[in-house]
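Everything on this sheet refers to the single structure shown next.
Nothing in this text is a laboratory measurement; each read-out follows from the coordinates by a stated rule. Remember, predicted model here, so these are calculated numbers, not experimental data.
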Amino acid sequence: LFPEEYMKFEDCLKSKQKFSVRFLINTGARIMEAQYVKVGDCDLINNRIVLRKTKTKAKKGETKGRVRILPISSQFAKYLKKHIREKKLKQEDSLGILSNSALNIAYKIGGKKAGIKDYWNISSHTFRKTLEVWLMSLDVKDMSILAHIGHGIKTAMSSYVSPDIL
């Protein structure tokens, strides 16, 4: 998604949907990773989030995913802090990311309302790809992006990198 499309799209979402989408676009986390984040995993002083449940890479012989620490912007940290305070969440509480099926419905409705050309193609994975391309367009170093998203160079080049960088 281009930035203008994303902003129109976000404006068409309900509050819970918007929170889930903002989390995905600001972290680049996979939906299943995001759903397991607890308040205690959010280090809002140092602007980072710990993903404890991550994708297992069978090709690399993993039996469980490797913990990843994601840097987040100070602006997003403030947003999370406000969300946690307003919802009166405790350290052991999850953040309230919606299920993938609930979000898929929101994506289709929001995308159509926002006038996005191929709105039926929007998925939770769209936000990982969008973040990766946005970071590239801002000249963030390739290896930093790959570490953040949790990809190897081959995966990024074959599935994520778009020739149409903003």
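Structure values in brief
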{"item": "Asp93 long-range amide H proximity, modeled H, under 5 Å", "result": "Val39, Gly40"}
{"item": "Long-range amide H partners of Arg68 with built H, under 5 Å", "result": "Leu51"}
{"item": "Backbone HN-Hα couplings from phi across the stretch 97-114 [Karplus 6.51/-1.76/1.60, Hz, Gly and Pro as x]", "result": "6, 5, 5, 4, 5, 5, 5, 4, 5, 4, 4, 5, 5, x, x, 5, 4, 7"}
{"item": "For the stretch 9-15, Karplus couplings with θ = phi - 60° (6.51, -1.76, 1.60), whole Hz, Gly/Pro x", "result": "4, 4, 5, 8, 9, 7, 3"}
{"item": "Lys pairs under 14 Å by Cα in the stretch 2-79, provided they are eight or more residues apart or on distinct chains", "result": "4"}
